[in-house]
Structure formats: structure tokens, C-alpha cells
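For reference, the structure discussed in these notes is given below.
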Amino acid sequence: MLRKLLLTYNWRKLRIRVWEKRLLYQLVLISNRFPTALKVSLHLSWGPFYGGSVILDRKGKKAKIFIQIPYDRYITADEKFVMSHYQISRNALPYFIFFHECFHLIDVLSQLPQKDLDTYQAALKKEAQASTHYRFLHVEQCADDFAYQQYMDLCEKAG
């Protein structure tokens, strides 16, 4: 019993390290393609579902991208929708989520010279309240399309 728990723990730890290495490499590649004066860090963690978020500090000097990988590999309805709509496998979901969050960061950085962060967030909240589901928001569809294109480019380079 204890041996099984130890093996499971080691497997999870190894899985996080492998994904962290893969996504950090992609972060470097995206940083080279979309250069910013911003310091971006990546944080991977375990959670109940696949997820991601971006946090930008108020001064606009640092950003953190959080990616969550489920410990039980359970797939939610949103993840099933993404997998079926974009024809990607479950193993590709961390890449897709990472690229999706990168688009949100790039979008925010492109909007900051024109308006401040509070105005941008207020506009997004207003649009989200008017929509029936967040997946139908224009910014979410653009982020999904960007993530899919980046993933296809990654697959093309891999052969």
C-alpha cells in the first residue's frame, strides 16, 4: 500500500516536471516571437481539472501564467468540447491551455497602451455578463483559435 502511494507520488511529480520543461520551452519560443519588456513566469500545479489563468501585476512589469493539470485525468464538458471541436487529444490539452493563456496575455499587452487595465477588465466583464456562456465570447474564441494554430505549428515542427 505504501509502495503504491510512493510510486503514484513519484509519477505525479515526474509528470509535472516533464510538462513544466515542455511548457517553459514553449514560453521561450513565444517570448522570442512576441517580445515584451515583461518578465513572464510559468507555474504548474495539480488540480481537479485542466485549467489556466494569467495574472498581470498592476505596474505591468511581471506576469504569471498558471496551468493546472488534473491528478486523475478527468475530462470536463468544456475540455470535451475543445477536444472535439479542435480535434486534439487529451495529451495535448496542457499545450492548448498554455497557448490559450498566452493569447490572453498578448491581448492584454496589446490593449494596455490604449487603455488601462481596469477599463479593459470592465469591458470584458460587461461582455461576459451579456453572453450566455463564456466560450461564446469573442476573446475566448480568438484565444482558442490562437492556441489551436500554435499547437498545429508545434505538431508540424515535430513532424
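With all protein chains kept in place, the per residue accessible area of region 1-47 amounts to 79 square angstrom at a probe of 1.4 angstrom. Considering only V139, L124, I69, the residue lying farthest towards the positive end of the dipole of the chain is I69, judged by Cα position with unit charges set on Cβ.
Using the Cβ-Cβ distance between M83 and L137 with R0 set to 22 Å, the FRET efficiency from 1/(1 + (r/R0)^6) comes to roughly 0.65. In the chain, taking the dipole from charged Cβ atoms about the Cα centre, the farthest positive-side position among I88, L42, C102 is held by L42.
The residues neighbouring S41, those whose beta-carbon lies less than 13 Å from its own, together hold a net charge of +1 under the Lys/Arg +1, Asp/Glu -1 convention. Applied to region 36-41, the Karplus parametrisation 6.51 cos²θ - 1.76 cosθ + 1.60 on θ = phi - 60° returns per-residue 3J(HN,Hα) values of 9, 8, 9, 8, 10, 10 Hz, with x for Gly and Pro. Note on the chain: lysine pairs with Cα distance below 15 Å, sequence gap of 8 or more or different chains, count 7. Each Cα pair under 8 Å and six or more residues apart adds its separation to the average, and for region 89-159 the resulting relative contact order is 51 percent. Using the Cβ of I67 as centre and a radius below 14 Å, the other residues enclosed give a net charge of +2, where K and R count +1 and D and E count -1. The alpha carbons of region 25-131 give a radius of gyration and a Dmax of 15.1, 43 Å, in that order.
The values are calculated or read from the model by the stated rules, or taken from the named source; none is laboratory data. Note that the coordinates shown come from a computational prediction; the quantities given were computed from them, not determined experimentally. Every residue, glycine among them, receives a Cβ derived from its backbone with ideal geometry; neighbour counts consider all protein chains shown. For accessibility, only protein heavy atoms count, side chains too; no ligands or nucleic acids. Shrake-Rupley method; radii C 1.70, N 1.55, O 1.52, S 1.80 Å.
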